[in-house]
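> Can you read through this structure? Questions will come right after.
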Amino acid sequence: MKSPYYFIITPDKDRRYDNTIEIEGMDFITSTSQEDFKFSNRVGIVKEVPLNYDGEIKKGDKVLVHHNVFKYYYDMKGKQKSGRSFLKDNTFFVDETQFFAYKQNGSWNAYSKYCFVKPLKKKDYFIEKPGTTEPLVGEMKYINSELKKLGVAPGDIVAYEPHSEYEFKVEGEKLYRMYTNNITMVL
């Protein structure tokens, strides 16, 4: 089964939500809310690529997807439903605007116009700053081809625009997904 326009994916570990942690061999549920986007699974496995697709994504790759891809929601009558991406049996249609990175050969790569920045821990200054991370500064983690052409490399410390942080947990690490044009300078 192939689609002319969509990637066909399944959720990683065959689970729509990433709401458990393992402690001493036992799984504990950290949230029972299906509405909270923070606990929806954001990793999918590509089962099929679109017909005549000739890009870098291959069957079997992992992809980081939008938080609404696997989520359930409740309609006006309170009935549980799947979102517009749902096909059947834990299988989903995803277009190129619904995923942001892919993993091949053990390493993640940013896709299209997206990049990923790791926030930096807050430094001590004379002026107090809120939060635990440096505001608007981070380490470039996964870059796209456009940033490569501009001379940006993984590990570079970059500044970015306010309110451009879209938080992801990638293999246990907190990262912000951004657009190329959200990066304002290399420090």
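The values are calculated or read from the model by the stated rules, or taken from the named source; none is laboratory data. In this text, all values refer to a predicted model and were calculated from it rather than measured experimentally. Reconstructed Cβ throughout: ideal geometry from the backbone, glycine too, with neighbour counts over all protein chains shown. Note: areas computed on protein heavy atoms with side chains; ligands, DNA, RNA excluded. Shrake-Rupley method; radii C 1.70, N 1.55, O 1.52, S 1.80 Å.
> Can you pull out the residues in segment 59-117 that are among the hydrophobic types (A, V, I, L, M, F, W, C) and either more than 17 Å from residue 176 (Cα to Cα) or modelled with pLDDT under 90 (or both)?
Result: 69, 70, 76, 86, 87, 92, 93, 94.
> So, in segment 93-149, how many residues would count as being of a type outside the set (Ser, Thr, Tyr) and on the phi > 0 side of the Ramachandran plot?
4
> Does any residue of segment 75-86 turn out to be in contact with a strand residue (DSSP E or B) (Cβ under 6 Å, 6 or more places away or on another chain) and in contact (Cβ under 8 Å) with a residue 40 or more places away in the chain?
Yes, there is a match, as at least one residue in segment 75-86 is in contact with a strand residue (DSSP E or B) (Cβ under 6 Å, 6 or more places away or on another chain) and in contact (Cβ under 8 Å) with a residue 40 or more places away in the chain.
> Determine, yes or no, whether residue 6 is in contact (Cβ under 8 Å) with a residue 40 or more places away in the chain, under 22 Å from residue 75 (Cβ atoms) and of a type in the set (Ser, Thr, Tyr).
Here the answer is no, as residue 6 does not meet what is asked.
> (1) over 21 Å from residue 172 (Cα atoms); (2) over 15 Å from the mean Cα position of the chain (by Cα); (3) open to solvent by 80 Å² or more (accessible area, probe 1.4 Å): which one isn't true of residue 96, the others all being true?
With respect to (1) over 21 Å from residue 172 (Cα atoms); (2) over 15 Å from the mean Cα position of the chain (by Cα); (3) open to solvent by 80 Å² or more (accessible area, probe 1.4 Å), residue 96 is out only on (2).
> I want to confirm something. Restricting to segment 1-48 and keeping residues that are of a type in the set (Gly, Ala, Ser) and more than 19 Å from the chain's Cα centre (by Cα), which single residue is surrounded by the most Cβ atoms within 10 Å (Cβ to Cβ)?
Only one residue fits best here, namely 3.
> Across segment 49-58, what is the total count of residues that are within 11 Å of residue 104 (Cβ to Cβ) and either open to solvent by 20 Å² or more (accessible area, probe 1.4 Å) or in contact with a Lys or Arg (Cβ under 7 Å, 6 or more places away or on another chain) (or both)?
Number of matching residues: 2.
> Do we have residue 81 as open to solvent by 30 Å² or more (accessible area, probe 1.4 Å), basic (Lys, Arg) and farther than 19 Å from residue 141 by Cβ here?
Against the criterion (open to solvent by 30 Å² or more (accessible area, probe 1.4 Å), basic (Lys, Arg) and farther than 19 Å from residue 141 by Cβ), residue 81 qualifies.
> For residue 103, state whether it is open to solvent by less than 60 Å² (accessible area, probe 1.4 Å), charged (D, E, K, R) and not in a loop (DSSP other than H, G, I, E, B).
It is true that residue 103 is open to solvent by less than 60 Å² (accessible area, probe 1.4 Å), charged (D, E, K, R) and not in a loop (DSSP other than H, G, I, E, B).
> Can you tell me which of (1) surrounded by 15 or more Cβ atoms within 10 Å (Cβ to Cβ); (2) among the β-branched types (Val, Ile, Thr); (3) over 28 Å from residue 12 (Cβ atoms) is the one residue 91 doesn't meet?
Condition not satisfied by residue 91: (3).
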